[in-house]
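*Asks:* Starting off with a structure, shown below.
The values are calculated or read from the model by the stated rules, or taken from the named source; none is laboratory data. Every value quoted in this text rests on a predicted model; they were computed, and no experiment measured them. Using ideal geometry, Cβ is built from the backbone for each residue, glycine included, and neighbour counts are taken over all protein chains shown. These area figures cover heavy atoms from the full protein model, side chains too; ligands, DNA and RNA do not enter into them. Shrake-Rupley method; radii C 1.70, N 1.55, O 1.52, S 1.80 Å.
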Amino acid sequence: MNQDVRNLEPRALWNNFADLNAVPRPSKKEERVIRFIKEFGQRLGLETYEDEIGNVIIKKPASPGMENRRTVAIQSHLDMVHQKNADTNFDFDTQGIEMFVDGDWVRARGTTLGADNGLGVASMMTLLAAQDLAHPPLEALFTVDEETGMTGALGLKGGLLEADIMLNLDTEDDHELTIGCAGGVDITATGSYAQEDAPADWQGYKLAVKGLTGGHSGMDIHLGRGNANKLMNRLLLQASEAFGLRIAAIDGGSLRNAIPRESFAQIAIPAAAAAAFTAFVEEQKAVLQSEHKTTDPNLQVTLEAVQLPAKLADAAFTGKLLRAIYACPNGIYRMSPDIAQLVQTSNNLARVLVQEGTYTLMCLTRSSVDSEKMDLALAIRSAFELAGAEVKFSGAYPGWTPRPDAAIVQLMRELYRSKFNAEPDVNACHAGLECGILGANYPGMEMISFGPNIRGAHSPDEKVQISSVQKYWDFLLDTLSRIPEKA
């Protein structure tokens, strides 16, 4: 089925994307893709270097006649978000992504596609291998672990790159030129709780919230999509107050940067309340489906009677945990007062795991204002600490301050106008791009981010538009051909 992708134009780019997607590349398990990229550069006879973090740098001299142009770094990340539908049998650690063509789009079968940021990586591979393209001296920077901590960008040392322009290929709308982004911080709350024997006259159930749209917790947070962890908690808290519900286990969400699509809970209630509880779930199902009919039309709430769990969380803990999760902010916290329609600060309650006497709650808080980011993080920490959790912050990274007057921004804005007879959307985004981090060790570097149309990133609905890839590729080539001479 990936053969269809290899027939697309520009063929070299799509072939490289197919080759890349045959290599498993989950975050923090990038050994195989690092080796793949290093061998690619070495086969081309290009200077290839791996730093101590695992980032790979491949340098290519300028094409004939462009030796005196400014050196350009082109940058993308090697890792991809691994998400699959619950009914998809797929092992991300061993299998390559199964792609297929659907009209003007390329999709994957039941999993994330890896267009984020695989199209950028494939573009860089194509530029490095090409013999007939006009370009200045190039430094291709392939970073690792962007999706779960940006440790590759954080660990990149100054002095490894000579470029004073960076083209980041990690934007997901082909009419956008991104010149700023949000920073972020990971929040992890952990703790333990007492368990009690389940009363013999109680009934066990499996409650599921699933079928939500999900998506990127930065780029899609303004769309108001349902968060499975929050919706599940809403049901559980109300049922605990009405029926004395107790928890045996909760397993909701997965990665910090993905809006949770599914949550599953093993619970128990007094058997005498079974009929009323079943009616309550049906009533709340209708309420949630009505509230989310536009954003999450496939939302499902299911209830299944199962064997009574042997152990349940004690009642006091159940109340504290559910209230803490209820109090945790989720979604947009504040819009930018300076940039129209830009989310300034948000939080994603990404993971809720409760089982066998321990629990873990995970959030990703984002903001383009570092002080506001930490203010919201402290509010979330306070809510979880009131429930008795130990809360830690980690993986903090800075935002990227826009420089709209930079020469590369002006060049690409004018080029876009002339090529497409339209005005590009020059903006800042709420995602966490690596440019802000990289700029800390390369403060004089001009940076800009762009890319093809990608929809549903970080979810199994991810797809990339074929015609947009052609548009983006032509724009990238024309940009490189117009890089000015060194001062």
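*Asks:* Scan the stretch 127-144 for residues that are surrounded by fewer than 24 Cβ atoms within 10 Å (Cβ to Cβ) and part of a loop (DSSP other than H, G, I, E, B) and jot them down.
*Replies:* ALA130, GLN131, ASP132, LEU133, ALA134, HIS135, PRO137
*Asks:* Continuing with the same structure: State all residues of the stretch 109-126 that are part of a helix (DSSP H, G or I) and either out of contact with any helix residue (DSSP H, G or I) (no Cβ under 7 Å at 6 or more places or on another chain) or of a type outside the set (Val, Ile, Thr) (or both); if no residue qualifies, say none.
*Replies:* ALA115, ASP116, ASN117, GLY118, LEU119, GLY120, ALA122, SER123, MET124, MET125
*Asks:* Let me ask something else. Of the residues LEU167, LEU212, which is at pLDDT 95 or above, surrounded by 24 or more Cβ atoms within 10 Å (Cβ to Cβ) and assigned to a loop (DSSP other than H, G, I, E, B)?
*Replies:* Sole residue among the options that is at pLDDT 95 or above, surrounded by 24 or more Cβ atoms within 10 Å (Cβ to Cβ) and assigned to a loop (DSSP other than H, G, I, E, B): LEU212.
*Asks:* Still on this model: For the stretch 230-247, state whether one or more residues are part of a strand (DSSP E or B) and open to solvent by less than 50 Å² (accessible area, probe 1.4 Å).
*Replies:* yes
*Asks:* Output the number of the condition that SER336 fails; it satisfies all remaining conditions of (1) in contact (Cβ under 8 Å) with a residue 24 or more places away in the chain; (2) open to solvent by 60 Å² or more (accessible area, probe 1.4 Å); (3) over 28 Å from GLU282 (Cβ atoms); (4) hydroxyl-bearing (Ser, Thr, Tyr).
*Replies:* Only one criterion is unmet by SER336, namely (2).
*Asks:* Across the stretch 258-305, which residue is farthest from TRP202 (Cα to Cα) among those that are assigned to a loop (DSSP other than H, G, I, E, B) and open to solvent by 60 Å² or more (accessible area, probe 1.4 Å)?
*Replies:* Within the stretch 258-305, the match that is farthest from TRP202 (Cα to Cα) is THR294.
*Asks:* Now for a different question. Just checking: which of the strands (runs of 3 or more DSSP E) contained wholly in the stretch 341-454 hold 2 or more residues that are open to solvent by less than 10 Å² (accessible area, probe 1.4 Å)?
*Replies:* 343-355, 358-367, 446-449
*Asks:* Oh, and also: Here is a check on your reading of the model: is GLY399 at pLDDT below 90 and either under 28 Å from CYS328 (Cα atoms) or β-branched (Val, Ile, Thr) (or both)?
*Replies:* yes
*Asks:* When you scan the stretch 140-154, do you find a residue that is modelled with pLDDT of 95 or more and under 17 Å from TRP14 (Cβ atoms), even just one?
*Replies:* no
*Asks:* Right, here's the next one. Checking ASN347 against (1) over 27 Å from ALA440 (Cα atoms); (2) touching a Leu at 6+ places or on another chain (Cβ under 8 Å): exactly one of these is not met. Which one?
*Replies:* With respect to (1) over 27 Å from ALA440 (Cα atoms); (2) touching a Leu at 6+ places or on another chain (Cβ under 8 Å), ASN347 is out only on (1).
*Asks:* Of ASP370, ASP375, which residue is out of contact with any strand residue (DSSP E or B) (no Cβ under 8 Å at 6 or more places or on another chain) and acidic (Asp, Glu)?
*Replies:* Within the list ASP370, ASP375, the selection yields ASP375.
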